[in-house]
Each structure stands twice: as C-alpha cells, then as structure tokens.
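The values are calculated or read from the model by the stated rules, or taken from the named source; none is laboratory data. As the structure is a prediction and not an experimental result, all values here were calculated from the model. With ideal geometry, Cβ positions are generated from the backbone for all residues, glycine too; neighbour counts draw on all protein chains shown. SASA here: full protein model, heavy atoms, side chains in, ligands and nucleic acids out. Shrake-Rupley method; radii C 1.70, N 1.55, O 1.52, S 1.80 Å.
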Amino acid sequence: MSDSAPVTDVQTVSAPERHPVVDFLRRFVRHRLAMVGVTIVLALIVVGTFGRALAPYDPLGMDFGALFAPPSWSHPFGTDEFGRDIFSRVLYGARVSLQVAFIAVGISGSVGVLLGLLAGFLGGWIDELVMRFMDVLFAFPAVLLAITIMAILGRGVGNAMVAIAIVYVPIFARVTRGAVISVRGREYVTAARALGKRPFGIMLRHVLPNAAGPIIVQTSLSLAFAILAEAALSFFGLGTQPPDPSWGRMLSEGRGFLRQAPWMGIFPGLAIMVSVMGFNFLGDGLRDLLDPRSSRS
C-alpha cells in the first residue's frame, strides 16, 4: 500500500472574457489624456447648456459706472468698454461656439462619411469622381475657403455653420474612404457578398461599424478645429453679430483695448485655447485606445 497522496487532475479555469465595451471603458478611465479631454469637454457642454443661468450678470447688460473695470470679486474677468461683465459673456459665448461646432461637424460628418463610404466600397468611377471633387476643395486653405463661402452666403451664425460644414466634408470623406478600403476585403465582407446581400446593407452593417474608429477620432479633432474656425469667422465680423457674444467676436472687440483693458482679449482667448485642447486631448486619447496597433492605454 502506498503512502503517497492520490494524484488529482487540476483543471485551469480561465477568467471570463470582458465585454468589449466594458474593456474599452476600463482602458479609457486609465488613459490620463483621454480623461483630461473628456472632463474639459463635459465641462464645456455644461457651460454651453446652462451658461445663461450660471452667468452672474446679463451678458448684454451695460453698466456705464463700471467701464473697463479690472478683474475683481464682483467681476472675475473684468468688464468691457460698455461695462458688460466679461465672465458672463464668456459663459454665454460657449453656447454659440459649441452650437456652431457641433452642428457644423454633424453636417460635414454625415455628408463626408456617406461620400467616403461610397467611394471606398464601390470604387471605380464613383471613387474617382468623389475624390477628385474632394481634392478641389482641399486645394483651398480651410479658413480662406470658409471666408469665401461666407462672402457668397452672407454674414451670420447659420451661414457660418454651413461654411464650416462644407470645409470639413473632404476631411471626413478621405478618412472614411481610407478606413473602408482597409476593411472591405475582410472575410465577413466577402461572406456577405457571397450570400447575395445588397451593397448598401453590407456597407451599413458590416463595413461602417468596423471602420468607425478613425471616424470617431476625426470627429473629436474636427470639433476642435470648428471652434477655431467659428472664432476666426466671428473675429473678422462674418460669424456672430453684435451684440451677441462669442469668443471670436470678443477677441475682435478686445483687440482695440489691449493696453487699456488686456483682460478683454485674454479670457476669451483662454476659453478658445482650453476648448481646443480638450477636444484634441480627447481625440488623441481615442486614437490611442481605438488603434489596435497601439500599446498605450
């Protein structure tokens, strides 16, 4: 009789796999750049949504007893040449800048993604026609093209949205086309074709979801550039019209008082800078997290 203990088979139990969405959120929370970006963006959305309620003063209200008042407890960002509270105007201006950016990028993204999807998946003369037209738009600098479109359409926030949307259509089209070309030869696309599914259904159900990563990243980056574009158009007097405040318009109004009241330009400029940084940080973080070749998390 042997004194040795009986040998039992030990089975290795593997840990359950996490859902892809849960895994992405876990990595997103651990990514510092993405978290800084999403914090800034969420704060901007809150300010843009409730800016009028958060503002301590009427952004259009004038106080001729407090002209060019420097930053203080009563006016944290000072006042302008009409005694208007700059802090309140910066908060209210966030609504205008974000509204123009989101609507313009929404339009350009919808049109650009559709054109890039058709060009990348169908190829042939459709690809040639779409991309040559995009090349024509790309030949002009973005701000110059937007100003040209505004000269045709006229001044105003609505026309600024249209101009910025047209400018960014080629960017979304190129990014989408490149992403679609990289996935259109995959096995699941070939299998869907073999089953006789319609091309448009294949594009929507199989190609677009798997090409969404670069599009999502480009959306975040385009929002940053759209804020800059709106500020530039308003700075030149083509976007937001007085007395409504926007960050670009406030910069334009403050440039004539740089020595007398530098805070009139400093705080709107800081608002633009922080907003652009927030969307860029978010875009860079999403690029790292959605790129399977990247080891950063």
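The single condition among (1) more than 17 Å from S246 (Cα to Cα); (2) over 29 Å from the mean Cα position of the chain (by Cα); (3) open to solvent by 60 Å² or more (accessible area, probe 1.4 Å) that A66 does not meet is (3).
Evaluate segment 81-94: report whether one residue or more is aromatic (F, W, Y) and closer than 22 Å to N159 by Cα.
Keep residues of segment 81-94 that are aromatic (F, W, Y), which gives 82, 87, 92.
Of the ones still in play, those that are also closer than 22 Å to N159 by Cα are 92.
The answer is yes; a qualifying residue exists.
Close Cβ contacts (under 7 Å, 6 or more residues apart or on different chains) running from residues in segment 31-50 that are touching a residue at least 40 places away in the same chain (Cβ under 8 Å) to residues that are open to solvent by less than 30 Å² (accessible area, probe 1.4 Å) and polar (S, T, N, Q) comprise L44/S275. The criterion of at least 1 residues that are polar (S, T, N, Q) is met by the following helices (runs of 4 or more DSSP H) wholly inside segment 147-251: 157-183, 187-194, 212-235. Is it the case that A160 is under 28 Å from I40 (Cβ atoms), touching a helix residue (DSSP H, G or I) at 6+ places or on another chain (Cβ under 6 Å) and in contact (Cβ under 8 Å) with a residue 24 or more places away in the chain? Criteria met by A160. Cβ-Cβ distances below 8 Å connect the following pairs, each with a first residue in segment 85-97 that is at negative phi, a second residue that is assigned to a helix (DSSP H, G or I) and among the charged types (D, E, K, R), and a separation of six or more residues or different chains: L91/R52; Y92/R52; G93/R249; R95/R52; V96/E230; S97/E230.
Which one of these is in contact with a strand residue (DSSP E or B) (Cβ under 9 Å, 6 or more places away or on another chain) and at pLDDT 90 or above: L67, L114, L118, L129? So that I can check it myself, show each step before the final result.
Numbers: L114 fails: in contact with a strand residue (DSSP E or B) (Cβ under 9 Å, 6 or more places away or on another chain); L118 fails: in contact with a strand residue (DSSP E or B) (Cβ under 9 Å, 6 or more places away or on another chain); L129 fails: in contact with a strand residue (DSSP E or B) (Cβ under 9 Å, 6 or more places away or on another chain).
Only one candidate passes the filter, namely L67.
Counting only residues that are touching a Ser or Thr at 6+ places or on another chain (Cβ under 9 Å), small (G, A, S) and in contact (Cβ under 8 Å) with a residue 24 or more places away in the chain, segment 247-284 holds 6 of them.
Taking the conditions exactly as written (open to solvent by less than 70 Å² (accessible area, probe 1.4 Å) and assigned to a loop (DSSP other than H, G, I, E, B)), does A104 satisfy them or not? Break it down into steps so the answer makes sense when it comes.
Numbers: open to solvent by less than 70 Å² (accessible area, probe 1.4 Å): yes; assigned to a loop (DSSP other than H, G, I, E, B): no.
Considered against the rule, which asks whether it is open to solvent by less than 70 Å² (accessible area, probe 1.4 Å) and assigned to a loop (DSSP other than H, G, I, E, B), A104 comes out as no.
Before we move on, is A53 over 19 Å from I227 (Cβ atoms) and open to solvent by 20 Å² or more (accessible area, probe 1.4 Å)?
Working: over 19 Å from I227 (Cβ atoms): yes; open to solvent by 20 Å² or more (accessible area, probe 1.4 Å): yes.
Answer is yes for this residue.
For first residues located in segment 190-214 and under 19 Å from G123 (Cβ atoms), partners that are open to solvent by 90 Å² or more (accessible area, probe 1.4 Å) and part of a helix (DSSP H, G or I) and lie 6+ apart or on another chain with Cβ distances below 7 Å form the pairs I202/R193.
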